[in-house]
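Asks: Structure in structure tokens, see below.
Every read-out reported here was derived from the displayed coordinates using simple, explicitly stated rules and does not represent laboratory data. Since the structure is predicted, the reported quantities are computational estimates derived from the model, not experimental observations. Cβ coordinates were reconstructed from backbone atoms using ideal geometry, including for glycine residues, and neighbour counts include every protein chain displayed.
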Amino acid sequence: MTINTTVREAGFLPASRIASIGVSEILKIGARASAMKRDGKPVIILGAGEPDFDTPDHIKQAAWEAIQRGETKYTALDGSPDLKKAIREKFQRENDLAYELDEITVGTGAKQILFNAMMATINPGDEVIIPTPYWTSYSDIVQICEGRPVLIACDASSGFRLTAEKLEAAITPKTRWVLLNSPSNPSGAAYSAADYRPLLDVLLRHPHVWLLVDDMYEHIVYDDFRFVTPAQLEPRLKARTLTVNGVSKAYAMTGWRIGYAGGPRPLIKAMAVVQSQATSCPSSVSQAASVAALNGPQDFLKERTASFKRRRDLVVNGLNAIDGLDCRVPEGAFYTFSGCAGMLGKVTPDGKRIETDTDFCAYLLDDAHVAVVPGSAFGLSPYFRISYATSETELKEALQRIASACTRLS
Ligand code: PMP
């Protein structure tokens, strides 16, 4: 059901730009799972896209001190000088990228950064290439901006990564952007320097195409994977690349709502125009907290990632031990995106046939009381996403329940 049908039923006519945007499958499953929980069912929710850790104390302390200093007023439009300096240092230190302060923008979450970028650049009918599985907001934001998402299926056989051939074939004179996300929500797949190279070579041949990279999960990578970002790998593309990042996932700060980006000056300026009419500026207190996050100790990131890695291994091994499931080992983020083709065509104990990944996830919720999100919500089936940003005890229990629910299928 789209927002359009929901609001039309209430006798209200929405703008056409939101007509085809659906209510997020993730939110719908979350709402159903929470309702079941309220009814006393022991539901384990593996749907949330946020770390279960708390925001570190030194970051909270910085926010409190900012309040006491009276930093409770509007700040500079697209980020306080202090935060922009901390971001400039972060890009230099961690990504070997040099951005001037006026090539940096700060918004109310990386989501607003993406929104500002699309609002500032998309004309009706402009095309935006988005590999699937994708974070659903990408296509919804493009559609709100009256652009056309061009979805390219990138399944497990290509490691859920876009290939140069597919990218080349998708580019048209109307292509404005390519959106890449590494490590990815929902697949956890990440692009190494070698994976990026052929894509960047394609982009070098198409100067009208801009590149937006979402590096939100930069710090959550495993084993010996080395995180890299395209503007660092290919300086010739830097003038048409927007490098998006934020504090939500790395520093467990989802509720503080601070995201940022580095990019070419004219784009950053145009994005500020959008932001000036939407929010005036990001929260002053959250900006002060984010300065402490970026400038402060970074060693806890390693410990947290080590803990995520234990959970990743637990979940991947648990899923692959189940007949009919096939889970690729993700390089990063805190999600697994497991194939469930082997479950299609099976029948539940009460006689329902599982035709799709949505049916499979509904069965897991009803029978095993485990909430996971079907691949269809991310534009690629038949798969399902587990967010393992929860305790090992809960994950073990959830895996046991999934395994036993699967054995009850015939
Ligand atoms: N990009 C990706 C890939 C995400 O998963 C998320 C959050 N789910 C965001 C961006 C947005 O993060 P925020 O708005 O909290 O900064």
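Asks: Tell me, what is the percent relative contact order of region 74-295, built from C-alpha pairs under 8 Å that lie six or more residues apart?
Replies: Details: 418 pairs, mean separation 64.2, N = 222.
Answer for region 74-295 is 29 percent.
Asks: Still on this structure, please answer the following. Over region 287-410, what portion of Cα pair distances is larger than 22 Å, expressed as a whole percent?
Replies: Counting pairs separated by more than 22 Å, the tail of P(r) holds 39 percent.
Asks: Counting other beta carbons within 10 Å of each Cβ, put 50, 94, 100 in order, fewest first. The partial results should precede the final answer.
Replies: Values: 50 14, 94 17, 100 11.
In increasing order of surrounding Cβ atoms, one gets 100, 50, 94.
Asks: Now for a separate question. Subtract the Cα-Cα distance of residue 410 and residue 165 from 0.36 nm times their separation in residues, and report this length gain in nm to one decimal.
Replies: On the way: separation 245, 0.36 × 245 = 88.20 nm, distance 4.02 nm.
Computed gain between residue 410 and residue 165 is 84.2 nm.
Asks: Okay, moving on. Compute a Gaussian network model of the chain, connecting alpha carbons closer than 10 Å, and tell me which residue from 311, 328, 17 fluctuates the most.
Replies: 17
Asks: Percent antiparallel among DSSP beta bridges with both residues in the chain, to the nearest 5? Don't skip to the end; give the middle numbers.
Replies: Values: 20 of 40 bridges.
Counting DSSP beta bridges with both partners in the chain, the antiparallel share is about 50 percent.
Asks: Quick check: net charge around residue 339, other residues with Cβ under 14 Å of its Cβ, Lys/Arg +1 and Asp/Glu -1? Before the final figure, lay out each step's value.
Replies: Details: positive: 328, 385; negative: 155, 323, 326, 357.
Residues close to residue 339 contribute a combined charge of -2.
Asks: Let me ask you something else. What is the order of 154, 361, fewest Cβ neighbours within 10 Å to most? Working shown, then result.
Replies: Details: 154 22, 361 25.
Going from least to most buried by this count: 154, 361.
Asks: Quick check on region 95-252: what does the Kirkwood estimate of hydrodynamic radius come out to from the alpha carbon pairs, in Å?
Replies: Details: mean 1/r = 0.0632 Å⁻¹.
That comes to 15.8 Å for region 95-252.
Asks: Restricting things to Cα coordinates, could you compute the convex hull volume per residue of region 75-155 in Å³? Can you show the working numbers first?
Replies: Working: hull volume 9.4 nm³, N = 81.
Value for region 75-155: 116 Å³ per residue.
Asks: For residue 278 and residue 37, FRET efficiency with R0 = 41 Å and r from the beta-carbon atoms, rounded to 0.05? Before the final figure, lay out each step's value.
Replies: Values: r = 35 Å, r/R0 = 0.84.
Computed FRET efficiency for residue 37 and residue 278 comes out at 0.75.
Asks: Relative contact order of the chain, please, whole-number percent, based on alpha carbon pairs below 8 angstrom and at least 6 residues apart.
Replies: Numbers: 787 pairs, mean separation 88.2, N = 410.
Here the relative contact order equals 22 percent.
Asks: P(r) of region 1-102 in 10 Å steps, Cα pairs, percent per bin?
Replies: Per 10 Å bin, starting at zero, the Cα-Cα P(r) for region 1-102 comes out as 11, 18, 21, 29, 20, 1 percent.
Asks: Putting +1 on Lys and Arg Cβ atoms and -1 on Asp and Glu Cβ atoms, find which of 308, 15, 332 reaches farthest to the positive end of the dipole of the chain.
Replies: Going by the Cα projections, it comes out as 15.
Asks: Order of 101, 46, 237 from fewest to most other C-beta atoms within 10 Å? Kindly include the intermediate steps, with their values, before the conclusion.
Replies: On the way: 101 13, 46 26, 237 17.
Exposure proxy ranking, most exposed first: 101, 237, 46.
Asks: Another one. What distance in nm lies between label points placed 7 Å from Cα along the C-beta direction at residue 172 and residue 329?
Replies: Each label point is offset 7 Å from its Cα along the Cβ direction, giving 4.1 nm.
Asks: In percent, what relative contact order does region 1-155 have, based on Cα pairs under 8 Å that are 6 or more apart in sequence?
Replies: Values: 127 pairs, mean separation 26.2, N = 155.
For region 1-155, the relative contact order is 17 percent.
Asks: In deg cm²/dmol and to the nearest 500, what is the mean residue ellipticity at 222 nm of the chain if only DSSP H runs of at least 4 residues count, each as -39500 (n - 2.57), divided by the residue total?
Replies: Numbers: 14 runs with 162 residues, N = 410.
After summing the helix terms and dividing by residue count, I get -12000 deg cm²/dmol.
Asks: Compute the separation of the alpha-carbon centres of region 148-203 and region 295-358 and state it in Å as a whole number.
Replies: 22
Asks: Can you give the three extents of the C-alpha atoms in the chain along their principal axes, from longest to shortest, in whole Å?
Replies: Largest to smallest, the principal-axis extents are 61, 53, 51 Å.
Asks: Of the candidates 221, 23, 128, which one comes out as most mobile in a Gaussian network treatment of the chain with C-alpha springs shorter than 10 Å?
Replies: Result for the chain, Cα springs under 10 Å: 23 fluctuates most.
Asks: Which of 382, 231, 150 sits farthest toward the positive end of the charge dipole of the chain, with +1 on the Cβ of Lys and Arg and -1 on the Cβ of Asp and Glu?
Replies: 150
Asks: Could you point to the residue in 211, 178, 282 farthest towards the positive end of region 74-295's charge dipole, with +1 and -1 charges on the Cβ of Lys/Arg and Asp/Glu respectively?
Replies: Final value for the positive-end residue is 282.
Asks: Around residue 292, under 11 Å between beta carbons, what's the net of Lys plus Arg minus Asp minus Glu among the other residues?
Replies: On the way: positive: 60; negative: 57, 65, 82.
Spelling it out: positives minus negatives among the neighbours equals -2.
Asks: Under a 10 Å cutoff between Cα atoms, tell me which one of 73, 174, 309 has the largest fluctuation in the Gaussian network model of the chain.
Replies: Top of the fluctuation ranking is 73.
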